[in-house]
């Protein structure tokens, strides 16, 4: 069995009286691609923000390689080898590509002075690696001048710079063209081939079905399904299941009554 | 939706030949002059405004504008403004504003004067003033950042509060520091070198160091990112609050130096020390080409802006116009510069 990289135990998050997450368990093993699916408002983004340390959970435990963490925040999350490509890409659009790639992780030498040339070198290497090359922009181009797909490339380049162990992709194919989407999938396969893990969040079930080893369906703040690829026959199967979750009793479900019970509020 | 509509996800752009590393990253405007102009257009624009303004003054009154005395008087007072304009560029880039620096100037220079009056070495006074400036900057910054207050209003309040405190304790009385003239500190920081006021050399050194901090240091990089997109900065693990407090501390340090220099020029500390700098300094930052929305800015532009603003007052009077024209020309230069910068720089979102 593969090593357990990260585990979220019984994570809850409430904003006032509104529960965004109610006791979610999620784990990712080394070299595994986990697809996280769910409707809008299911709590996917909240869960990702907790994993990346941006949002603090109301209750629950986070374990990295089996060890519980304390003082979890964004900096700790990145130190632990978790890199997130956020849905909004989290770029500073008035800054250069270099500054965005090294945001919060500047390459510095003596007394915090930047190693500007090294940063430019590394940035151009990363951008080539990702395959988002262009003759029109350089590492010192302003991100605001780039197209959506190119911006996504910058966000991904930032995520892979430090050989992260888990890369979280939050809706990475939203608003991308077909070729750009293909590039993202190519990237996911590359990462898996190198033995690293991916948590892939998407609402296009076909996309998720194509690349994930395991599926986790989130519904109204709870895990409605966690299934290995072998247990799910096709993407249509997953879609049927999700429709069943959204409208209980309407269509034949994928799973048994045990899960249905968990779904009820 | 059938599978046929999906892109071919398994065979990505493998057949496309990869461009060679050197060629792929060649800048389209590869001539260094063009690149330099594009990278520095805000400060170059400010320089253009300054040159045009000076040319107009010189045509209006060539005799006065070719005498050294005029420039020497500007070079004595300009450094005081530079020490606060430059840190304010950092604050504005960070998406904040600090209106409390005049009171910090007054407060830090008060501490300096107290130490000197008590008979201690002025160097000790300078150290005390710097510590005071840092503490006040930290206080103002913490109030804004951890109190979650609007920096515009909170720093305005702190300016009144600190100035009020100075007035209450001193009851309007000034302090004469005649012993300063014989001190080493005066020779080093306030004398003349080859007929040039020595303050300007310190101010230039400060501007150069700050420009390097802004462009080549982690501090400047994080200030820009925080001003550009604080949410992203936080998601990438930057301690946004700490960066914000740091820029206010930087203003405190600059204001302490500025206040101390102004006392050393006059040998006198007034309870109003620093008050007159509020609006000219703010104008300099924006005339210099730092936009109000945060994320970008220019230290060198701010410094040129300060030079421009200092010359307006001297220039208008020296050109033979009555003092009543000063404010009008101040306003004219500010508006023209803003229009120029608006045309000169695009805002990316």
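The values are calculated or read from the model by the stated rules, or taken from the named source; none is laboratory data. The structure displayed is predicted, hence computed values, not measured ones. Cβ sites come from the backbone with ideal geometry, for glycine too, and all protein chains shown count toward neighbours.
Points to keep in mind about this one:
Table: residues versus (1) touching a residue at least 60 places away in the same chain (Cβ under 8 Å); (2) under 21 Å from the mean Cα position of the chain (by Cα).
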| position | (1), (2) |
| --- | --- |
| A:76 | no, yes |
| A:79 | no, yes |
| A:85 | yes, yes |
| A:101 | yes, yes |
| A:110 | no, no |
| A:124 | no, no |
| A:128 | no, no |
| A:140 | no, no |
| A:154 | yes, yes |
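- Helices (runs of 4 or more DSSP H) contained entirely in the stretch B:189-235, each with at least 1 residues that are away from chain A (no Cβ under 13 Å) and at pLDDT 95 or above: B:199-216
- Checking residue B:247 against (1) in a helix (DSSP H, G or I); (2) within 11 Å of chain A (Cβ to nearest Cβ), the condition it does not meet: (2)
- Matching entry among A:96, A:84 (being out of contact with any helix residue (DSSP H, G or I) (no Cβ under 6 Å at 6 or more places or on another chain), under 16 Å from residue B:220 (Cα atoms), at pLDDT 90 or above and buried (at least 16 other Cβ atoms within 10 Å of the Cβ)): A:96
- Among the conditions (1) within 14 Å of another protein chain (Cβ to nearest Cβ); (2) touching a residue at least 12 places away in the same chain (Cβ under 8 Å), the only one that residue B:281 does not satisfy is (1).
- Residue tally, condition closer than 26 Å to residue A:89 by Cα and surrounded by 20 or more Cβ atoms within 10 Å (Cβ to Cβ), over the stretch B:204-216: 1
- Residues of the stretch A:185-212 that are under 13 Å from residue A:36 (Cα atoms) and in contact (Cβ under 8 Å) with a residue 60 or more places away in the chain: A:198, A:199, A:200, A:201, A:202, A:203, A:205, A:208, A:209, A:211, A:212.
- Flag for residue A:50 being part of a strand (DSSP E or B), without any contact (Cβ under 8 Å) to a residue 60 or more places away in the chain and either away from chain B (no Cβ under 14 Å) or buried (at least 19 other Cβ atoms within 10 Å of the Cβ) (or both): no
- Of all residues in the stretch A:17-41 being at negative phi and part of a loop (DSSP other than H, G, I, E, B), the one that is nearest to the chain's Cα centre (by Cα): A:32
- Residue within the stretch B:46-57 that is farther than 26 Å from residue B:331 by Cβ, surrounded by 17 or more Cβ atoms within 10 Å (Cβ to Cβ), away from chain A (no Cβ under 14 Å) and at pLDDT 85 or above present: no
- Any chance residue B:109 is in contact (Cβ under 8 Å) with a residue 24 or more places away in the chain, in contact with a strand residue (DSSP E or B) (Cβ under 7 Å, 6 or more places away or on another chain) and part of a helix (DSSP H, G or I): yes
- Selection status of residue B:168, more than 14 Å from every other protein chain (Cβ to nearest Cβ), on the phi < 0 side of the Ramachandran plot and either touching a helix residue (DSSP H, G or I) at 6+ places or on another chain (Cβ under 9 Å) or buried (at least 20 other Cβ atoms within 10 Å of the Cβ) (or both): no
- Restricting attention to the stretch A:125-178, the residues that are within 12 Å of another protein chain (Cβ to nearest Cβ), over 23 Å from residue A:37 (Cβ atoms) and part of a loop (DSSP other than H, G, I, E, B) total 14.
- Checked against (1) under 28 Å from residue B:181 (Cβ atoms); (2) free of Cβ contacts under 8 Å to residues at least 40 places away in the same chain, residue B:143 passes all but condition (1).
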